[in-house]
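Coordinate-derived values only; no laboratory data. Given the structure is predicted, the values throughout are model-derived calculations rather than measurements. Cβ: placed from backbone, ideal geometry, glycine included. Neighbour counts: every protein chain shown.
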Amino acid sequence: MGFSDGNCRVVLLLDRSLHFARGVLRGVRSYAAGKTNWILRDAPPSPKMMKLVADWEPAGIIAGLSTAALARAVKQLRIPVVDTATVLPRLGLPTVDVDPIGVGRLAAEYFLDKQYRNFGFFGSHVAVYARLQEQGFRQRLAKAGYEAQSCYYEYLPEYTARMLWREVTSRIIQWLDRLPKPVAIFCCEDILSRLLADTCRQLNLRVPEEVALLGCGNDELECTLTEPTLSSIAVPAERVGYEAAALLDALLEGQKPPDRPVFLPPISVVTRHSTDVSAIDDQIVRQAVRFIRENATRHIRVKDIAEALAVSRRLLERRFRALLGRSVLQEIYRVRIEHAKRLLAQSHLPVGAVAFRSGFSSPRHLDVRFRQLTGLTPRAFRRQFQLP
């Protein structure tokens, strides 16, 4: 199938309405640009499409398999398939996706850096990736001596139609009301973060002062449709698509599928207003952290921060270390590295330009600090996310 005329027909069953799926599509098309015999055709990920798909006689499929019915229909074609959704348990198909445990761990570390002590998780209890995100979130919190209270909401198409909105809303309201404040909540998708933001507004809960919200996917539309705007974890969707296409190509050549899913690390947290606060009790340290976040790329020094806050450098350093366990300079470097990560992953700027735009005096200085904090060189980090 799919090679009768010398061409390789590949079907893309991806939901274009999803920001992540559009990134995956772009990545697949980038890989296919180097395959002169590949013909791509995309369709909605619906079982109703499978008769037309079968009639086209594809050689392989790249899909976001979110329902059991679609997975069964795809498997019945008995052709190579790569999944990019990590939704269904025991799927038994090769998978390329963002590392969900890594996403959960990053969310926990982000909130811990802000000194939160109360945590919540909001997401699906059915989708595999959401359960793994929660696992990574809880594991990292437990390592720091904390735990999270969870609330589950089945937002996927197969379940949403069966949900009673009044019951769902009541359950979410009760959960939000019981959570000790201030609380930091990680949502497995941006759409759920927006739902909580709207619910908090109805309850007169202040975001981020009482409830800090962090989503995943960095869907700019979802993150800016509500007030306040929503922080989110940026993920390498295009790279997922590219690697999914490369894996499908290998399967079409007769290679064996990998034993485990191919998971790519998340990029970084994109901070917007919904987490633009910290739970640091010390006013001086809290103001210093905000000053660093707002000015780290401007070549500031510790002396500049102390002067801006009208305190002695010695007092600032002592309080900073007591509360955060690191020096003021280490915090400056940490914020600069986070900025550099985003530029490396999401732009094609030369490493030298990334260094200067992130507040480092030279590419060498960036390289040294980047290795210290990540264990990678800037170029090695970039290769994880950008297409060849």
### Query
Over all pairs of distinct alpha carbons, what does the Kirkwood formula give as the hydrodynamic radius of segment 348-388, in Å?
10.3
### Message
With the alpha-carbon atoms as the only input, what is the per residue convex hull volume for segment 180-263 in Å³?
### Response
98
### Task
Would you compute, for the Cα atoms of segment 192-326, the largest minus smallest coordinate along each principal axis and list the three values in descending order, in whole Å?
67, 40, 25
### Message
Test of the criteria: in segment 176-259, which GluC sites (Glu not before Pro) are in a DSSP loop and have at most 15 other Cβ atoms within 10 angstrom of their Cβ?
### Response
Glu209, Glu253
### Task
Can you give me the three principal axis dimensions of segment 251-339 from its C-alpha atoms, in Å, biggest first?
68, 27, 25
### Options Tyr153, Ala32, Leu106, ranked by Cα towards positive dipole end of the chain, top entry (Cβ charges)
Leu106
### Task
For segment 1-148, just the Cα set please: Rg and Dmax, both in angstrom.
18.7, 62
### Task
Classify segment 66-212 as rounded, prolate or oblate from the Cα gyration tensor: take a ≥ b ≥ c as the square roots of its eigenvalues, call it rounded if a/c is under 1.5, otherwise prolate when a/b beats b/c and oblate if not.
oblate
### Euclidean distance of C-alpha centroids, segment 17-34 and segment 233-278, integer Å
12
### Summary
Those trypsin sites (Lys or Arg not before Pro) from segment 210-309 that are DSSP loop and have at most 14 other Cβ neighbours within 10 Å turn out to be Arg301
### Query
Over all directions, what mean area does the Cα convex hull of segment 32-101 project, stated in square nanometres?
5.4
### Query
Tell me, what HN-Hα J-couplings in whole Hz come from the Karplus equation 6.51 cos²θ - 1.76 cosθ + 1.60 at θ = phi - 60° for each residue of segment 90-97, using x for Gly and Pro?
6, 5, x, 10, x, 9, 10, 6
### Summary
Taking a straight Cα-to-Cα line shorter than 17 Å from Lys48, and setting aside same-chain lysines fewer than 8 residues away, one finds Lys75
### Task
Express the C-alpha Rg of segment 295-388 as a ratio against the empirical globular expectation 2.2 N^0.38 Å, rounded to two decimals.
1.19
### Query
Ala279: net charge of surrounding residues, Cβ under 15 Å, Lys/Arg +1, Asp/Glu -1, itself excluded?
0
### Query
Tell me, Kirkwood radius of the chain from alpha-carbon pair distances, in Å?
22.5
